[in-house]
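For reference, the structure discussed in these notes is given below.
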Amino acid sequence: MQAWENNIRKVVPYVPGEQPQKKDIIKLNTNENPYPPAPGVVAALQHMDMDLLRRYPDPTAGKLVDAIAGFYGLKSSQVFVGVGSDDVLAMAFLTCFNSDKPILFPDITYSFYDVWANLLRIPYEVQPLDENFKICADDYKKENGGIVFPNPNAPTGVLKPLDEIEDIIKANPDVIIIVDEAYIDFGGVSALPLLKKYDNLLIAQTFSKSRSMAGMRIGYLLGNEKLIRYINDCKYSFNSYTMNQTAIAAGVAAICDKEYFRTCTQKIIDTREWAKEQFTALGFCFEDSMSNFVFVRHKDYPAEELFEMLRKADIYVRHFKKPERISEYLRITIGTRDEMEKLFAVLKQYITR
Ligand SMILES: *Cc1c(COP(=O)(O)O)cnc(C)c1O
């Protein structure tokens, strides 16, 4: 080891899902939306004034912030936007989790949380999900420096009802609670109404899943004005121009088309409910999912074997080897009905051969 390496900040990075360059695969491994972005997004990009690229963008991304605030009936001062929810969550961790006490999150959850905590030197304590993969509210009533969890949780897909979320917030008035609602648009109930009652609640959402724009990188936080101001102070101490001109224009167009958004999310919900029946018929077990993926285990076949078999058939799903408790599960994104029919045909042929 070189002497200078002693001064390096060493981290174990997050590993994103595979993005194969191969064409004609069925990609059900990173929870992308199988449908294209709203037609208005295409038009906004086609009609982009190229002169805008010469200039710096609006550092406040005002048009996008206003559009998001309008969609939810909030004030623009309650919205913070960034480069995907990974960006806004990292900024929220940096701003809100500045205590010597450990932050709390589930043992099985979005695997970026412990990465940010380690990067930012935030102490943390994981709380095990129960045997049905549920988050137990009582585990979050001990002394802590903040709380974060996704709802529905990832990669389990399990949704926590609003009264249980409120129970956790109510028990923790002295810290910030971040509810990561990356998948809330697929039939869940958002904690949004609780913002009126609790000034320590922060909600994170993204355009990557329900708005078919993972490639554009737009995420946002919803919270009370003062909290959003603190987060903006940290952002402006780091990088003023997070949102580029194209992301702002495309984001506004996506938010404006409420009907397209509703139709696409409903199609995915319908396909998911149908897919649940197919999984059950083929001998898979799973907790009920309210997201755009299902987290399944087969009663006879090891997850790794099915993962490799599907991969050979050019169907990509996600397999987490760690923690061991979930190593027998596959996380399978809900694609189009056609893609799912192909998935089930391949599974059926393998399982009933
Ligand atoms: C996908 C995902 C995100 C990040 O999404 P971005 O693409 O960065 O907006 C955040 N949290 C959870 C739980 C996710 O699944």
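The values are calculated or read from the model by the stated rules, or taken from the named source; none is laboratory data. Keep in mind the model is a prediction, meaning the values are calculated, not measured. For neighbour counting, all protein chains shown are included, and Cβ atoms are generated from backbone atoms with ideal geometry for every residue, glycine included. All accessible areas refer to the heavy atoms of the entire protein, side chains included, with ligands and DNA or RNA removed. Shrake-Rupley method; radii C 1.70, N 1.55, O 1.52, S 1.80 Å.
Structure above, values below:
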| read-out | value |
| --- | --- |
| Exposed GluC sites (Glu not before Pro) absent - longest run of the chain, DSSP non-H/G/I/E/B, at most 12 other C-beta within 10 Å | 144-353 |
| P(r) tail fraction, the range 166-280 - alpha-carbon pairs more than 17 Å apart, % | 65 percent |
| Fraction of alpha-carbon pairs over 29 Å apart in the chain - percent | 42 percent |
| DSSP-loop trypsin sites (Lys or Arg not before Pro) across the range 1-33, with at most 12 other Cβ within 10 angstrom | ARG9, LYS10, LYS22, LYS23 |
| The range 39-256, relative contact order [Cα under 8 Å, separation at least 6], % | 30 percent |
| Sequence of LEU162, LEU282, LEU221 when ordered by accessible area, the most exposed leading, probe 1.4 angstrom | LEU162, LEU282, LEU221 |
| About the Cα centre, charge dipole magnitude for the range 39-256 (Lys/Arg +1, Asp/Glu -1 at Cβ), debye | 700 debye |
| Portion, in percent, of the accessible area of the chain that falls on carbon or sulfur, probe 1.4 Å | 52 percent |
| Candidates per chymotrypsin sites (Phe, Trp or Tyr not before Pro) in the range 1-107, loop by DSSP, up to 14 other Cβ within 10 Å | TYR14 |
| 23 Å Cα-Cα reach of LYS312 towards lysines, excluding residues that sit fewer than 8 places from it in its own chain | LYS22, LYS23, LYS27, LYS299, LYS321, LYS322, LYS342, LYS348 |
| Candidates per chymotrypsin sites (Phe, Trp or Tyr not before Pro) in the range 149-247, loop by DSSP, up to 15 other Cβ within 10 Å | PHE238, TYR241 |
| Rounded accessible area per residue of the chain, 1.4 Å, Å² | 48 Å² |
| Distant alpha-carbon pairs in the range 114-189 (separation over 14 angstrom), percent | 63 percent |
| All lysines inside 21 Å of LYS196 as judged from Cα atoms, apart from same-chain residues fewer than 8 positions distant | LYS75, LYS160, LYS170, LYS226 |
| Electrostatic dipole magnitude of the range 150-305 [Cβ: Lys, Arg +1; Asp, Glu -1; Cα centre; debye, to 20] | 520 debye |
| 10 Å-binned pair-distance histogram of the range 257-326 (Cα, whole percent) | 17, 42, 29, 11, 1 |
